[in-house]
Amino acid sequence: MNYSFNTQRLSMRLIQQGDFDIFERLYSDPKTMRKICAPFEPKQIKQFFETALQDNLTPIKQRRVWLIEHNNQAIGLQSLFAQQNQSNHADIGIMLLRQYNGKLLAEEATIGLISFGFSQLKFERIYAQYDSTNYATHRSTQKLGFIIEQPEADITDKKSTKDKTQYISSYVTAEIWQKSLPNHINTC
């Protein structure tokens, strides 16, 4: 199966061995990681990159990580991870280099990946889970038709029992997506 796809301005392909630099730039940047978790140490980045490469090689649709390119420049990463208890449900994630935020590229990449996930990978439901203070992600998921499943859930940070982060879990189904597919962006 070909896992590459395009939107009007972006190209997405599965990550390859030569894509370590973008992994390192994103996962080590404190500002990019501030709403996700602490920046990764170099050893963690290398290990996560190697795991993602191996996951992309398996024929099962469990975990995939794509490189996002704009004008032949790597600008970010996005992923779909099948949920362990529901193999037809997936979690979506996206990270862009900071200079590409605010240009609707994240939304365009997300639309492309959701469309690909439903049409090609045959997922039935795609979840977005994010920090409740990540207002950009909240606006974007609402605009794309995601339904909030649990408004806020307390999850204690593993580093300190004092720190609590509120997460929002929302989802979109294939059926809802087909009815409300944003048509302002040419996908797949």
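Just so it is clear, none of the values below were taken in a lab; they were calculated from the coordinates. Nothing here was measured: the structure is a model prediction, and the numbers come from that model. Cβ coordinates were reconstructed from backbone atoms using ideal geometry, including for glycine residues, and neighbour counts include every protein chain displayed.
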proj_area_mean for the chain (convex hull on C-alpha atoms), units nm², value 10.6 nm²
If each DSSP helix of 4+ residues adds -39,500 (n - 2.57) and the sum is divided by the residues in the chain, what number results at 222 nm, nearest 500 deg cm²/dmol?
-9000 deg cm²/dmol
Could you work out the relative contact order of the chain, using alpha carbon pairs under 8 angstrom and six or more residues apart, expressed as a whole percent?
19 percent
How much FRET efficiency would the formula 1/(1 + (r/R0)^6) give for residue 13 and residue 178, where r is the Cβ-Cβ distance and R0 is 35 Å, rounded to 0.05?
0.90
For the chain, return all DSSP H helices satisfying: extent of Cα atoms along own axis at least 20 Å; mean Kyte-Doolittle hydropathy at least 1.0.
105-119
Please give the contour-minus-distance gain from residue 62 to residue 100: 0.36 nm per residue of separation, less the Cα-Cα distance, rounded to one decimal in nm.
10.9 nm
Kindly count the pairs of lysines across the chain whose alpha carbons are less than 18 Å apart, treating pairs on different chains or eight or more residues apart as eligible.
9
Could I have the simple spin-label model distance between residue 36 and residue 165, label points 7 Å from Cα toward Cβ, reported in nm to one decimal?
1.0 nm
Simple label model, 7 Å out from Cα along Cβ direction - residue 124 to residue 72, nm:
4.4 nm
